[in-house]
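As structure tokens, the structure follows; a few thoughts come after it.
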Amino acid sequence: MSEEFKRPDGRKVKETRKIVAKVGIIPNADGSAMFAFGDTIAIAAVYGPRKFHPQHQQNPEKGTLRCEYNMLSFSVSDRIRPGGNRRSAEISKITEWALEPVLMLDKYPNAVVDVYINIIQANASTRCAGINAAAMALAHAGIPMKGMVSSVSIGKLDKQIVVDVSKAEEDWEEGEGPTDIPMSFTSDGKMTHIQLDGKITQKQLEEAIDTAKEACAKIYDIQKNALKEVVNEK
Amino acid sequence: MAEGIRINEDRIYEYLEKGKRFDERALNDLREIVIETGFSKNAEGSARVKIGKTEVIVGIKIATATPYPDNPKDGNLMVTAELTPLSSSRFESGPPKINAIELGRVIDRGIRESKFIKTEDLCIKEGEKVWEVYIDIYSLNDDGNLMDAAGIGAIAALMNARLPKYDLENDKMISGELSDTHLPLAKELPLSITVYKIGKHLLADPNREEEDVCRSRVTIAGYGDRIFSMQKGGGETFSVEEMKKAIELSIKVREKVFSSIKKYL
């Protein structure tokens, strides 16, 4: 099945959309990056480490990572009411959890590192693009990190596992329908994030995890190259 | 997660190293689960779930509403959770914070993705009127693992619910009167089970003290070997092997929970 499986945009099952990664896009920020999976475009800016206000929220043991995921009102076909909602609150938290394991925030007690993620244009996999952009922006800001974080969504369309789910695939109607599994890995292959919506067997879920790990290794190379480019520019 | 008093952290690790817990449970053992359904007169369905000392109440409200434009033939589902200040000194009043939002959304997805509620049977008039089902979860006492208590409570309350009476002549719902019709539900119960990671150990159903030293967890909703939704929480990694073990463990624990709660449902 796998080789002949037809994806709506003609991609191979393990092929991501065209990835564009760029570091240093927002001069004001301490670190910034853009990451795109095809039409899904995320930008992230890092401010900090800086003083954490209000003071009672400070953590004297280590610095705090605070992420804010936000979709621009015009990033999807039906306008989104600006400001946060429950979905964006959850994705913000998931993003913090996905990134925290690689950050060495014990060097910055009482401080906060703010990461602002904006989805400029959405065609599915926005949280993964956001996490990828944020990880690059954190590295660009010079926050000490044990490694990178790379994120990808694995889909199961009917029975077929595919890499980097697009909007058309998210709404897959044939057979068993769509299952969406966004995952994030550290550059040494540990999982920092997984979510799942749909219907999948234990065996296929294991296959999906292994596939995501492979895909994230490739995304990591792209992130690394983008970071090297900006170093060379300076 | 990883908040509150962690004075016993080292001792908890020492015990886990030997496969033991303070309350003498095995790592995959749950505390006793007690369910009471139908305690509320005004809710369309209700359930009260205790896992050990952890307790939640779940109420179902059902009303007519306009369907969403992208699903004109389906009833609506809304899940909210509130971590009440009465249930723990660490919860405060005010708009829901992220832990309550996440709890509601994780339970929502387990139920929605499993298609436990046959929303297509909740249509009154296509594109105009459908039944809207609200699942509202409130914590009464937080002694750890509110997540699983909430998941069990939502399922139990849904099974307890009946639709309001409907006046066909005037085409409107009769508020405050219940019909004999239960909600259209699937036979398979999609239970959400959370596997908690403490150090390199995976365990089920932590009490408050254990959950306080836990830095990562993964919640998995499923039935049989089918998995419908998943969410990892917490800022610590799982290796791929650990994740696969956690999935395996959640399936085993789910079977256990199922056999201990079926007498109540």
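Bear in mind these aren't lab numbers, they're just calculated from the coordinates by the rules spelled out. These figures come from a predicted structure and were not determined experimentally. When we count neighbours, we look across all protein chains shown, and the Cβ atoms used for this are built from the backbone with ideal geometry, even at glycine.
General observations
- Long pairs among A:Lys203/A:Lys228; A:Lys159/B:Lys125; A:Lys14/A:Lys203; B:Lys50/B:Lys115, criterion Cα-Cα beyond 29 Å: A:Lys203/A:Lys228; A:Lys159/B:Lys125
- At most 14 other Cβ within 10 Å, DSSP loop - GluC sites (Glu not before Pro), the stretch B:178-265: B:Glu188
- Ordered by the number of other Cβ atoms lying within 10 Å of each residue's own Cβ, fewest first, B:Phe258, A:Phe37 fall into the sequence B:Phe258, A:Phe37.
- In this structure the amide hydrogen of B:Gly233, modeled in the peptide plane, comes within under 5 Å of the amide hydrogens of B:Arg217, B:Val218, B:Thr219, none closer than 5 places in sequence on its chain.
- Per-residue mean of C-beta atoms belonging to partner chains within 10 Å, peptide A:207-214: 1
- Spread over its residues, the convex hull of the C-alpha atoms of the stretch A:131-234 is 96 Å³ per residue.
- When the listed pairs A:Lys199/B:Lys53; B:Lys118/B:Lys262; A:Lys22/A:Lys93; A:Lys18/A:Lys213 are checked against a 27 Å cut-off, the alpha-carbon distance exceeds it for A:Lys199/B:Lys53.
- Distribution of pairwise C-alpha distances over chain A, 5 Å bins, in %: 1, 7, 15, 19, 19, 16, 11, 7, 3, 2, 0, 0
- Span from the the stretch A:135-205 Cα centroid across to the the stretch A:7-79 one, whole angstrom: 16 Å
- Stokes-Einstein diffusion for the stretch B:1-81, with the hydrodynamic radius set to the Kirkwood value over Cα pairs and evaluated at 25 °C in a medium of 0.890 mPa s, equals 144 µm²/s.
- 222 nm mean residue ellipticity, helices alone, for chain A (DSSP H n ≥ 4; -39,500 (n - 2.57); rounded to 500): -9000 deg cm²/dmol
- Degrees, to the nearest 10: A:202-233 long Cα axis against longest axis of chain A: 50 degrees
- The angle between the Cα long axis of helix A:86-99 and the main principal axis of chain A comes to about 70°, on a 0 to 90 degree scale.
- Distance distribution note for chain B: the fraction of Cα pairs above 22 angstrom is 56%.
- Distance between the stretch B:153-176 and the stretch B:12-44 - C-alpha centres, whole angstrom: 32 Å
- Averaged over the residues of peptide B:94-107, the number of Cβ atoms from other protein chains lying within 10 Å of each residue's Cβ is 2.
- Extreme residue, positive dipole direction of the stretch A:19-233, given options A:Gly155, A:Thr201, A:Leu65 (C-beta unit charges): A:Leu65
- Every Cα-Cα pair of the stretch A:18-139 was included, and the share exceeding 19 Å stands at 47 percent.
- For chain B, the longest principal axis of the Cα atoms and the long axis of helix B:240-261 meet at an angle of about 60 degrees.
- Exposure rule at most 11 other beta-carbon atoms within 10 Å, DSSP loop trypsin sites (Lys or Arg not before Pro): chain B longest free segment: B:42-186
- Net charge in the neighbourhood of B:Gly19 (other residues with Cβ under 12 Å of its Cβ; Lys, Arg +1, Asp, Glu -1) is 0.
- The ranking of A:His193, A:His56, B:His182, B:His201 by Cβ neighbour count inside 10 Å, starting from the fewest, reads A:His56, B:His182, B:His201, A:His193.
- Two-decimal Rg to Rh for the protein assembly as shown - Kirkwood Rh, Cα set: 0.97
- Looking at the stretch B:1-79, the chymotrypsin sites (Phe, Trp or Tyr not before Pro) that sit in a DSSP loop and have at most 16 other Cβ atoms within 10 Å of their own Cβ are B:Phe22, B:Phe39.
- For the stretch B:213-225, backbone phi angles converted through the Karplus equation (6.51, -1.76, 1.60; θ = phi - 60°) give residue-by-residue couplings of 9, 7, 10, 7, 8, 9, 9, 10, 9, x, 8, x, 9 Hz, Gly and Pro being listed as x.
- Exposure proxy ranking for B:Tyr166, A:Tyr69, based on other Cβ atoms within 10 angstrom of each Cβ and starting from the fewest, stands as B:Tyr166, A:Tyr69.
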